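The values are calculated or read from the model by the stated rules, or taken from the named source; none is laboratory data. For clarity, every value in this text was computed on a predicted model and none was experimentally measured. Cβ placement follows ideal geometry from the backbone for every residue including glycine, while neighbour counts extend to all protein chains displayed.
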Amino acid sequence: MSYPINAGMAESWGVEAEAVGRFSLLGGDLRLSGSLSRQEGEVTDGVYKGEELAQVPEWIAGADVNYRRPFIGDTAVFFNINWSGQWGGVQELIRPGLTTPNYDLADMSLVNGRIGVDIKNVQLSLFVTNATDEEFSVFNSSTTERLNTPRNWGVQLRYRW
């Protein structure tokens, strides 16, 4: 379990790039987007001076593919795929001199998807989260490890008022 602490002053930096495109494809609308960021930081004074900032992945990336095409009348079919990933970083601030290990943040790569149909105000879709059934540690300590949510499938019926 994480506990908030006053670590003192810190410096951090980051840079991010994003790209978005929209195209007509086979009578439908295709939207593509992607992002990549790099960040880092450290505590600059106090008992944690020199420690890497906790919960700050070194790299974060993401991509989205969305396609929607009119079908018959007020009906449209669609699909979307979302990918996100992170690499590097540490889980906690550890007071220098203690023997407590500092666990690295888990590298992770997640894929989610959805396919469905819109009929006027009703949407019916099939979705999957964590499609590749990636397993990684969300939290680690010397006595506990908490894993991420495994693959999840579902059907969703929505009505828009």
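Things to note:
- Checking each residue in the stretch 1-27 for being within 30 Å of ASN80 (Cα to Cα), modelled with pLDDT under 95 and in contact with a strand residue (DSSP E or B) (Cβ under 6 Å, 6 or more places away or on another chain) picks out only GLY27.
- Checked against (1) touching a Phe, Trp or Tyr at 6+ places or on another chain (Cβ under 7 Å); (2) surrounded by 15 or more Cβ atoms within 10 Å (Cβ to Cβ); (3) not in a strand (DSSP E or B), ARG95 meets all criteria but (2).
- Condition met for ASN102 (at pLDDT 90 or above and either part of a strand (DSSP E or B) or farther than 20 Å from ALA19 by Cβ (or both)): no
- Of residues in the stretch 130-159 being within 30 Å of PHE71 (Cα to Cα) and in contact (Cβ under 8 Å) with a residue 24 or more places away in the chain, the one farthest from the chain's Cα centre (by Cα): TYR159
- Any chance PHE127 is modelled with pLDDT under 90 and either surrounded by fewer than 10 Cβ atoms within 10 Å (Cβ to Cβ) or not in a loop (DSSP other than H, G, I, E, B) (or both): no
- Failed item, numbered, when ALA61 is tested on (1) small (Gly, Ala, Ser); (2) farther than 30 Å from TYR159 by Cα; (3) in a loop (DSSP other than H, G, I, E, B): (3)
- The test for being in a loop (DSSP other than H, G, I, E, B), farther than 29 Å from ARG38 by Cα and of a type in the set (Ser, Thr, Tyr) holds for THR143.
- Selected residue [part of a strand (DSSP E or B) and modelled with pLDDT under 90] from VAL117, VAL138: VAL138
- Taking the stretch 24-56 as the range and being surrounded by 16 or more Cβ atoms within 10 Å (Cβ to Cβ) and β-branched (Val, Ile, Thr) as the test, the residues that pass are VAL43, VAL56.
- Matching residues, the stretch 130-157, being more than 10 Å from LEU110 (Cβ to Cβ), surrounded by 14 or more Cβ atoms within 10 Å (Cβ to Cβ) and touching a Lys or Arg at 6+ places or on another chain (Cβ under 6 Å): PHE139
- Here ALA61, ALA17 are screened, and the one residue that is within 20 Å of the chain's Cα centre (by Cα), free of Cβ contacts under 8 Å to residues at least 40 places away in the same chain and within 30 Å of GLN123 (Cβ to Cβ) is ALA61.
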